[in-house]
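So the structure is just underneath, and the comments pick up after that.
The values are calculated or read from the model by the stated rules, or taken from the named source; none is laboratory data. None of the values given here were measured: they were computed from a predicted structure. Every residue, glycine as well, gets a Cβ built from its backbone with ideal geometry; the counts of neighbours run over all protein chains shown.
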Amino acid sequence: MIKFLDLKKVNQRYDKAFHEKLEEFMQRGWYILGDEVKLFEENFSNYCHSKHCIGVGNGLDALVLIFKAYIELGKLQKGDEVIVPANTYIASILSILQADLVPVFVEPKLETYNLNPVLIAEKITSKTKAILVVHLYGQLAEMDKIDGIAKQNNLLVIEDAAQSHGAELGVGSKELGVSNAKAYSFYPSKNIGCLGDGGAVITNDDELNKIIRAIRNYGSEKKYVNDFIGINSRLDELQAAFLNVKLPELDADNQKRREIANRYLAEIKNDKIVLPFYDGSKNHVFHLFVIRTEKRDELQEYLSENGIETMIHYPIPPHQQKALKEFGLLSFPITEKIHREVLSLPMSPVLTEEEVSRIINVLNRY
Ligand SMILES: Cc1ncc(COP(=O)(O)O)c(C=O)c1O
């Protein structure tokens with residue numbers, strides 16, 4: 001069986017270094033917000049060319065903290081509208097709701113699965129105050145156009161980069177570019193993942209940094225002095241240690257993913273399958289390699305019978321989830337089509353050439 005993602009194999013590459021980190025951690029005896037979190041915050045802000053990185057508990061909290069901090073700063077108010085792609089993972093929507101803001105869904109482009117800038121403009125009202133951009137499957141959205149719309153309408157731009165670690169906007173730029181803040185998840189399956197939960201916010205905004213740092217830690221900058229209604233969402237010290245080991249390999253892993261994607265794109269030849277759009281640049285880190293086909297469940301079954309594990313990202317669009325029933329009457333034909341037809345092929349830096357060849361052969365025989 002070719003696994004969709006062999007996480008054990010991904011992390012076994014770091015076995016020795018992880019054990020050394022664990023030993024140091026045990027020797028130090030400092031468990032919360034210690035040297036490893038501090039080091040990771042430095043390492044990741046350097047990697048992203050950003051001024052600040054704040055390590056937090058997970059990707060959802062990274063987004064929630066950005067919104068809550070903007071409310072504390074008076075740049076957002078409860079009830080303000082936030083533009084968000086209709087076809088994202090539910091966490092993007094939950095973060096808006098958890099900050100008492102209102103999500104306004106916008107259809108993506110069928111070609112890229114990312115926000116369609118033309119459709120954003122149509123949804124802007126006097127209550128719209130922010131755009132939450134999601135770089136779905138690891139491909140950056142059209143940030144230049146989105147930035148233009150944001151500037152014209154005085155909107156904040158926040159990036160959900162949970163799937164796009166290391167994607168580059170221009171030559172050599174993994175940085176924030178035009179946005180105000182970027183949220184990362186280090187969920188184990190991400191391009192760089194913890195052995196547990198983890199997340200981070202990056203920003204160049206000094207005030208935002210200060211407030212998020214406080215809110216992730218009970219709203220307190222100074223122990224037992226609470227300036228904000230905070231939460232407890234700190235990047236775990238041991239997880240930060242593992243991330244410090246893995247970060248130097250992120251670019252090489254992303255390159256490996258692009259090489260596998262290039263093989264899939266060049267060698268899968270089957271009229272029943274729509275391959276993803278890729279412009280060949282580093283703006284895509286192929287967190288997922290997502291194909292589309294009309295009889296998706298049939299193809300998934302066929303692949304499974306041939307020993308190839310696949311996944312669906314995602315089977316139900318957020319507006320049709322029971323949890324979000326207040327949006328249940330909305331209709332998003334492109335989003336609904338995507339959720340009906342997408343299938344994610346195995347993709348990871350530890351997939352072998354032979355495995356990729358076998359996946360291609362089996363798909364071409366379908
Ligand atoms: C697009 C997107 N946003 C947010 C999240 C939330 O991240 P986490 O699971 O770390 O909370 C995820 C992943 O899980 C995601 O894929």
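Taking the condition of being surrounded by fewer than 23 Cβ atoms within 10 Å (Cβ to Cβ) and within 10 Å of the ligand (Cβ to nearest atom), how many residues in the range 35-56 meet it?
0
May I ask you to verify whether Leu119 is touching a strand residue (DSSP E or B) at 6+ places or on another chain (Cβ under 6 Å), over 23 Å from Tyr70 (Cβ atoms) and either surrounded by fewer than 20 Cβ atoms within 10 Å (Cβ to Cβ) or outside the structural domain of Ser331 (by TED's automatic domain parsing) (or both)?
It is true that Leu119 is touching a strand residue (DSSP E or B) at 6+ places or on another chain (Cβ under 6 Å), over 23 Å from Tyr70 (Cβ atoms) and either surrounded by fewer than 20 Cβ atoms within 10 Å (Cβ to Cβ) or outside the structural domain of Ser331 (by TED's automatic domain parsing) (or both).
Only one of Leu60, Leu169, Leu73, Leu136 is crowded, with 17+ Cβ neighbours inside 10 Å and more than 12 Å from the ligand (Cβ to nearest atom); which?
None of the other options fit; the residue is Leu169.
Looking at the range 176-192, which of the residues that are hydroxyl-bearing (Ser, Thr, Tyr) and either crowded, with 23+ Cβ neighbours inside 10 Å or over 18 Å from Phe4 (Cα atoms) (or both) is farthest from the ligand (Cβ to nearest atom)?
Ser179
Does Leu65 count as within 15 Å of the ligand (Cβ to nearest atom), crowded, with 24+ Cβ neighbours inside 10 Å and touching a residue at least 24 places away in the same chain (Cβ under 8 Å)?
Yes.
How many residues are out of contact with any Leu (no Cβ under 9 Å at 6 or more places or on another chain) and assigned to a loop (DSSP other than H, G, I, E, B) when one looks only at the range 334-349?
Number satisfying all stated conditions: 1.
Yes/no matrix, rows are residues, columns are (1) among the aliphatic types (A, V, I, L, M); (2) assigned to a helix (DSSP H, G or I); (3) out of contact with any Lys or Arg (no Cβ under 6 Å at 6 or more places or on another chain); (4) in the same structural domain as Glu72 (by TED's automatic domain parsing):
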residue	(1), (2), (3), (4)
Gln152	no, yes, yes, yes
Glu159	no, no, no, yes
Ser179	no, no, yes, yes
Pro188	no, no, yes, yes
Gly196	no, no, yes, yes
Ala200	yes, no, yes, yes
Leu208	yes, yes, yes, yes
Arg213	no, yes, yes, yes
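Would a scan of the range 121-128 turn up a residue that is within 16 Å of the ligand (Cβ to nearest atom), part of a loop (DSSP other than H, G, I, E, B) and on the phi < 0 side of the Ramachandran plot?
Checked against the condition, which is being within 16 Å of the ligand (Cβ to nearest atom), part of a loop (DSSP other than H, G, I, E, B) and on the phi < 0 side of the Ramachandran plot, the range 121-128 yields no hits at all.
I'd like the full set of residues that are buried (at least 24 other Cβ atoms within 10 Å of the Cβ) and either of a type in the set (Val, Ile, Thr) or not assigned by TED's automatic domain parsing to the domain that holds Ser164 (or both), limited to the range 77-92.
Within the range 77-92, Val82, Ile83, Val84, Thr88 qualify.
Just to verify a result, which residue in the range 193-233, among those that are modelled with pLDDT of 95 or more, among the β-branched types (Val, Ile, Thr) and surrounded by fewer than 21 Cβ atoms within 10 Å (Cβ to Cβ), is nearest to the ligand (Cβ to nearest atom)?
Among residues in the range 193-233 that are modelled with pLDDT of 95 or more, among the β-branched types (Val, Ile, Thr) and surrounded by fewer than 21 Cβ atoms within 10 Å (Cβ to Cβ), the one nearest to the ligand (Cβ to nearest atom) is Ile231.
Mind checking which residues of the range 350-366 are within 22 Å of Val10 (Cβ to Cβ), touching a helix residue (DSSP H, G or I) at 6+ places or on another chain (Cβ under 8 Å) and not in a helix (DSSP H, G or I)?
Val350, Leu351
Can you pull out every residue in the range 301-333 that is among the aliphatic types (A, V, I, L, M), part of a helix (DSSP H, G or I) and surrounded by 16 or more Cβ atoms within 10 Å (Cβ to Cβ)?
Leu303, Leu324
So which residues in the range 89-108 are within 14 Å of Thr128 (Cα to Cα) and in contact with a Lys or Arg (Cβ under 9 Å, 6 or more places away or on another chain), if there are any at all?
Asp100, Leu101, Val102, Val104, Phe105, Val106, listed by residue number.
Go through (1) under 30 Å from Lys282 (Cβ atoms); (2) within 16 Å of the ligand (Cβ to nearest atom) and name the single condition Asp144 misses.
(2)
Looking at (1) within 12 Å of the ligand (Cβ to nearest atom); (2) outside any strand (DSSP E or B), which one does Val118 not meet, given that it meets all the others?
Exception for Val118: condition (1).
Between a first residue in the range 12-36 that is closer than 15 Å to Gln239 by Cβ and a second residue that is basic (Lys, Arg), which pairs have beta carbons less than 8 Å apart while being 6 or more apart in sequence or on different chains?
Qualifying pairs under 8 Å: Tyr14/Lys246; Ile32/Arg234; Leu33/Arg234; Gly34/Arg28; Asp35/Arg28; Glu36/Lys21.
Yes or no: the range 273-288 includes at least one residue that is in a helix (DSSP H, G or I) and among the charged types (D, E, K, R).
Within the range 273-288, none of the residues are in a helix (DSSP H, G or I) and among the charged types (D, E, K, R).
Can you pull out every residue in the range 79-102 that is out of contact with any strand residue (DSSP E or B) (no Cβ under 9 Å at 6 or more places or on another chain) and either more than 15 Å from the ligand (Cβ to nearest atom) or closer than 15 Å to Leu136 by Cα (or both)?
Ile90, Asp100
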